[in-house]
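Below is one structure; the comments refer to it alone.
Throughout, read-outs are computed from the coordinates displayed, never taken from laboratory work. All values reported here derive from a predicted model rather than from experimental measurement. Here the Cβ positions follow ideal geometry from the backbone for every residue, glycine too, while neighbour counts run over all protein chains shown.
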Amino acid sequence: MMPFVPFVRVRDVEEGIQLAKKYEHGFRHTAIMHSTNVKNMTRMGRVLDTTLFVKNGPCMGGLGLGGEGYPSFSIAGPTGEGVTTPLTFTRERRTTLIGDLCMLGK
């Protein structure tokens, strides 16, 4: 996954979510959102319906680097493949929230 940081001015969070959906092209691969509003993050996660959804962190956080879970570089998306484990090779969906709602550590 290559870092991708678009900055687009929008009227409100709803317009931002709709633009994110449009430019994600329905691949349902990865979505990233920076917000402190859990309801907005939940709404975006449901609308985009991606395999990885990282909140308040870099895209690599969804692969276990600086986020939660184990490192895994095998992600394909809704094709039946995704973040996999060597034990099962099954598609799991992962959501990562960096910072807020963290109950362990600082």
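In terms of the mean number of neighbouring beta-carbon atoms within 10 Å, the peptides 9-18, 35-44 order highest first as 35-44, 9-18.
Summing charges over neighbours of Lys21, with a neighbour being any other residue whose Cβ is under 14 Å away from its Cβ, gives 0 when K and R count +1 and D and E count -1.
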